[in-house]
Every structure is written in C-alpha cells, then in structure tokens.
Amino acid sequence: MKWPVLILSVLTLAAPAAAQQQMGDPSFHPVVARPAYAGEGPLIQLDAAHDSVQTIGGRYAGFAALVQADGYRIRAGEQKLDQPGALDGVDVLVISNAVRPADGGSPDAFTAAEIAALDGWVRAGGSLLLAVDHAPYGSANETLGRALGVGMGKGYAFRFEDGRITSQMDFSAQAGTLGDHPILRGRDASESVSRVRSFTGQSLSGPPGSTVLMALRPDDHEAANVQVLGQINNRVEGDPSTRDAVLAELARPALPAQGLAFEHGRGRVVVLGEAGMLTAQVVKFPADSGREDMVFGLQTPGHDDQQFALNLLHWLSRLEGLR
C-alpha cells in the first residue's frame, strides 16, 4: 500500500541510519535583517551532556547559525547540570531531545540531582528552552517535564488532513491555533508570527498560567509509536469508514498543545513538543536508491518558523521592546 508523503517522512526518519544520512543542511545560511544584539550578546548553552544527536556541529548547526546571526553567543554544555559551574554565565539553556542513559539504569535522561539543580536555576531567574520530540524522547524527559508542571504525550501526534494522516502540524493565527504572547507578536509587525509548522512531534499540557503558543485541535490524536501510526494509516486508508473505531482502538486524544511558554519562579520557560522546527536538516539517500534528498525545518517555505525561533529566544533572553 502506498504511504502518504508525510507518513513516509516519519518512517524515513525512523529508518536505520545505514540506509540514509540525516544531518544539518549545509546550504542553510540564515540572514537576520535586524539582529537583536550587537557585540557580545547573551550566551546560549546547548546541552551536550545527555547523548542528544542535536549538536551545534550536527543537526542543530542551522539553529546555531541563526542565533549567531542574531547576535547571540552559543556553546555546548558538556557537564551534567548538577556539576559545579555547569550553568555559570548562561543566559538561555537549550535542551533538545536528551535521551536515556546508555547504561540502562534510570529511564530518565536526567538524574534527580540534575532536575533539582535545573529547577532551582530557573526559579532563580534562568531561562530554559526545552524541545522534546516524538517517542522515545517524551519518556526520557517526562520527569523533568513534571518538575516544570508540563505533561508529555510521549508518542507521535497526528491529525487527518484531506482524509489522510499527517504528523506535520500547521498552526496559524487564521485558524486560531496560535496563542497571544510576545513570542508571537515580536517587537513590531515585521516580526509577528502568523504561521508555524512542526515536523513530527508529541503533544503537551502546561502548568496553570502557561500560555499555549501552538494549540492542537480537539480532533488531533497521538499514537504510541511509529509502528502504531503506520497501522492506523493503513487501516483507515483501506476503509475510511472505520476511522473512528480505529482511533478508539489504537490512538488517544492528543494533549492540548505542541508549544508552551510560562514563568517558573523568577525564570522563563518555553517547551516545544517538536525539535526539528528549530533546525535546518536534510536526509540524504544513497545514490542508487532513486530517491531525492528530503529537507525539513527552518529552510522550508510556507511558515514563519525562523522568526518564531528568534522571538522565543528574544523573550527568554528578556530583550526589550517585545509587545
């Protein structure tokens, strides 16, 4: 049975690495028309101590290039978060797709001591951007999320568009699925965000008082893993009349959001249920595969993800002038 393109993209990203190469897109060279900072801007630290593949020199190279073009400094954080000096001088900590320890011990990517240290740092005025993708990342970050008041769906969020499943979500002001927040308004009309796109992630719920930046629809669902997502697609595509029964059997309603912003003590937090929207990536296939390379992220057309990424960092770094 032929897979819809967007489901095929999910399966492509989940396929064995030997069959393809997923990497930062070397052709992405962002230009920021009005950089937020001149000279030595705030320091962003990208966590590199929890086995994430989202690295400054790898899949997050596009993110690193974008923030540097906006005047930020960026470095890799190679210490565990409870180590002395791990967060010294950091203005914004970015954690993206931290994974479980390789030793097979705790199911969590972070120890209790790290979570306590991070919670205390944010409450004292630190800023955190936490991006946690589809399964298995939600499970690895669930305890950290709980400490922040955030619930994680831990699967693959999806919806039906034109009768077919998609795990790539569009959020727009026109559809009422973008919230009201300085991150979405920017400093002026030229920085306002009207459409955001995510590229396969999980759903989220936020603590009291949080702002939903990216609202999922009431009829959006979540599958436990990519295999179940494929089963749902095949069965509904084979007999569309079974859709409600298949969803009741194999899926669960999605949590309300895929993007959140909130105050945590004296600090600020943004949580995204999708990490690829902050990157510019390409999946390269073997020359003899007959397949074209697949690109996704900041460099793709039809959305304001680049401005969204800049605005959320502006809010986290407390840039003056946000509306």
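Coordinate-derived values only; no laboratory data. Model, not experiment: these values are computed from the prediction. Neighbour counts are summed over all protein chains in view; Cβ atoms, including those assigned to glycine, are modelled from backbone coordinates with ideal geometry.
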Expected unfolding gain across residue 146-residue 161 under the 0.36 nm per residue rule, minus the alpha-carbon gap, is 2.2 nm
Give the Rg (one decimal place) followed by the Dmax (whole number) of the stretch 200-323, computed from C-alpha coordinates and expressed in Å.
-> 18.4, 55
Relative to a virtual label point 7 Å from the Cα of residue 188 in the Cα→beta-carbon direction, which members of the stretch 298-323 show backbone nitrogen distances below 13 Å?
-> 321-323
With the contact rule set at Cα under 8 Å and sequence spacing of 6 or more, what percent relative contact order holds for the stretch 61-202?
-> 19
Which shape class, rounded, prolate or oblate, goes with the stretch 143-187 when its Cα gyration tensor gives a ≥ b ≥ c as root eigenvalues, a/c under 1.5 marks rounded, and past that a/b bigger than b/c marks prolate?
-> oblate
Just check the stretch 134-208 against the gyration tensor rule for me: Cα atoms, a ≥ b ≥ c as the square roots of the eigenvalues, rounded for a/c under 1.5, and otherwise prolate or oblate depending on whether a/b exceeds b/c.
-> oblate
From a point 7 Å beyond the Cα of residue 43 in the direction of its Cβ, which residues of the stretch 123-149 have a backbone N at a distance under 15 Å?
-> 126-127
Where the centroid of each part is defined by its Cα atoms, how far is the stretch 268-305 from the stretch 182-197 in Å?
-> 21
Relative contact order of the chain, pairs being alpha-carbon contacts under 8 Å that are 6 or more residues apart, as % | 21
Over its Cα atoms, what ratio of radius of gyration to 2.2 N^0.38 Å does the stretch 58-193 give?
-> 1.22
What is the pair-distance distribution P(r) of the stretch 188-241, computed from all Cα-Cα distances in 10 Å bins starting at 0, with each bin given as a whole percent?
-> 15, 36, 30, 14, 4
Taking R0 as 45 Å and r as the Cβ-Cβ distance between residue 172 and residue 51, the FRET efficiency 1/(1 + (r/R0)^6), rounded to the nearest 0.05, comes to 0.80
What would the Debye formula give as log10 I(q)/I(0) at q = 0.20 Å⁻¹ for the alpha-carbon point model of the stretch 67-146, no solvent?
-> -0.97
Would you mind getting me the FRET efficiency between residue 111 and residue 252? Use the beta-carbon distance for r and R0 = 25 Å, nearest 0.05.
-> 0.30
Rounded, prolate or oblate: which fits the chain when a ≥ b ≥ c are the square roots of the eigenvalues of the alpha-carbon gyration tensor, with rounded for a/c under 1.5 and prolate only if a/b beats b/c?
-> rounded
Rounded to the nearest Å, the spacing of the alpha-carbon centers of the stretch 213-251 and the stretch 53-94 is 36
Find how much the distance from residue 322 to residue 293 grows on full extension, using 0.36 nm per residue of separation minus their present alpha carbon separation; answer in nm with one decimal.
-> 6.6 nm
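If you build the Cα gyration tensor of the stretch 162-265 and take the root of 5 times each eigenvalue, what three semi-axes come out, in whole angstrom, biggest first?
Equivalent ellipsoid semi-axes, largest first: 31, 16, 10 Å.
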Over all Cα pairs of the stretch 221-277, how is the pair count split among 10 Å bins, expressed in % and running from 0 up to the last occupied bin?
-> 20, 36, 24, 15, 6, 0
Sum -39500 (n - 2.57) across every DSSP H segment of at least 4 residues in the chain, then divide by the residue count to get the 222 nm mean residue ellipticity, nearest 500.
-> -7000 deg cm²/dmol
